[in-house]
Amino acid sequence: MIPEPGVVPTAFAEPVARVRSRWTAAVVLANVGVFAAWLGPIQVILAKQSEAVAPGNKEFVFGLVTGVGAAVSVVANPVAGAISDRTMSRFGRRVPWVLAGAVGGAVGLLVLSGVASVAWMLVGWCLVQLFGNTLLAAITAAVPDRVPTLQRGTVGGWVALSQVLGALVGTGLATYFGGIGAGYVACAVFLLLSVLPYLLRSGDERLSSRPPLVVRDFVRGFWISPRRHADFGWGWLTRFLFNVGNALGTLYLFYYLQDEVRVDEPDTAVLILTAIYSVCVLITSITFGTWSDRIARRKVFVTGSGVVMASAGVVLAFWPTWPGAVLGAIILGAGFGVYLSVDFALLTQILPNPRDRAKDLGVINIANSLPQVFAPALAAPIVKHLGGYPVLYLLAATVTLLAGLLVRQIKTVN
């Protein structure tokens, strides 16, 4: 059925009805599942597995696996988003891809659970990234699909928690179950369970019609001109820089605690820091996300979060002790909570076209994934040859501060 001229199909309409808390909880839980599947391995299991496979070259192997996986995610997220935008399932546009992403991601984790070679680590981690990004593209687009603009700071605050809670859950599962194989299996099971509430109560609108697929136009659609859509371009750049800073600061946390701070049990230390960081994100993401809705301002909060997060890098650079690491986690969590909630709401307000929400958010998500490709290439030589962890964390602080300042270039959002 082709809509009448001037009539906006329901799936493309700007939402006006506020979503209920149980819908938000289902979206958050699905996000927690995919981030647990990523961050549990990245923060503990992959690091331990890299050390077991290549004891003398653990940094290179870890960087290789995470970097190649991130390269997969750069492509997977926008492509999966574009496909979900065009999906005409009777269950809606997003539900089929949430389910497929959870199943495929669990398969990738199970592959990782039984391997002892770099090649198979690459295969397993690429599967996790491919299908995890398929899930994330669909579930992220559900927010602008269903949530009105003046509720997005609040909902964004709760969704922001999913990344932190995912890190906490994934790290907790990896630590509790101990072994490399058991940790992967636990993350896989949790991923599958996490999407069930959303699958049962998504409220996903069906797409009544779609234009014919023209491959050339489909491919061209992934380029969004920063000249024509300047605010989208600045939003992409600032998110990219924020994530470069975050990746530089967190990628080698396990090794930083083990080799620089010299704690006795680095995996337990990562869990403790993640818990502290999570509490701080919990407090600031909900508080400041709701505040930004109330006063209808976004940029001032994002700029402030950049300043706060940069100061955490300075603490980690100059105070490589356990108390310094705890203070750094507190500061970083406070700043990152504000950033995640408010910047997400800001980005949903500068999307070029409601017909392409998942695809455009997928392009934004390249700014989340691409730093995971660059960060290992930058971090490994810095840690081993160019000044070590102090230089690494000062670089992270500088990039994050720059990101916070450049968000002021966005003009159509206050």
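The values are calculated or read from the model by the stated rules, or taken from the named source; none is laboratory data. All of these numbers come straight from a predicted model, not from anything done at the bench. Methodologically, a virtual Cβ is constructed for each residue, glycine included, from the backbone with ideal geometry; neighbour enumeration extends over all protein chains shown. Only protein heavy atoms, including side chains, enter the accessible area calculation; ligands, DNA and RNA are left aside. Shrake-Rupley method; radii C 1.70, N 1.55, O 1.52, S 1.80 Å.
For this structure, a couple of remarks:
- Qualifying residues in segment 93-118 (those that are more than 20 Å from Thr140 (Cβ to Cβ) and in a loop (DSSP other than H, G, I, E, B)) - the one modelled with the highest pLDDT: Ser117
- Matching residues, segment 251-267, being of a type in the set (Ser, Thr, Tyr) and buried (at least 23 other Cβ atoms within 10 Å of the Cβ): Tyr252, Tyr256
- Meets criteria (open to solvent by 30 Å² or more (accessible area, probe 1.4 Å), assigned to a helix (DSSP H, G or I) and either at pLDDT below 95 or not acidic (Asp, Glu) (or both)) for Val68: yes
- Looking only at residues in segment 364-398 that are farther than 24 Å from His229 by Cβ and of a type in the set (Gly, Ala, Ser), the one that is farthest from the chain's Cα centre (by Cα) is Gly387.
- Against the list (1) under 21 Å from the mean Cα position of the chain (by Cα); (2) within 18 Å of Trp322 (Cα to Cα), the condition Thr303 fails is (2).
- Failed condition for Ala397, given (1) on the phi < 0 side of the Ramachandran plot; (2) without any contact (Cβ under 8 Å) to a residue 40 or more places away in the chain: (2)
- Just one residue in the set Ile276, Ile331 is open to solvent by 20 Å² or more (accessible area, probe 1.4 Å), within 21 Å of Phe35 (Cα to Cα), touching a helix residue (DSSP H, G or I) at 6+ places or on another chain (Cβ under 7 Å) and not hydroxyl-bearing (Ser, Thr, Tyr); that residue is Ile276.
- Residues satisfying the stated conditions in segment 123-142, i.e. over 14 Å from Ala106 (Cβ atoms) and buried (at least 23 other Cβ atoms within 10 Å of the Cβ): Asn133, Leu136, Ala137, Ala138, Ile139, Thr140, Ala141, Ala142
- Helices (runs of 4 or more DSSP H) wholly inside segment 148-248 containing at least 3 residues that are at pLDDT below 85 and touching a Gly at 6+ places or on another chain (Cβ under 6 Å): 152-177
- Flag for Gly313 being open to solvent by less than 10 Å² (accessible area, probe 1.4 Å) and either touching a strand residue (DSSP E or B) at 6+ places or on another chain (Cβ under 8 Å) or within 22 Å of Gln258 (Cβ to Cβ) (or both): yes
- In segment 344-358, the count of residues that are crowded, with 24+ Cβ neighbours inside 10 Å and over 23 Å from Ala138 (Cβ atoms) is zero.
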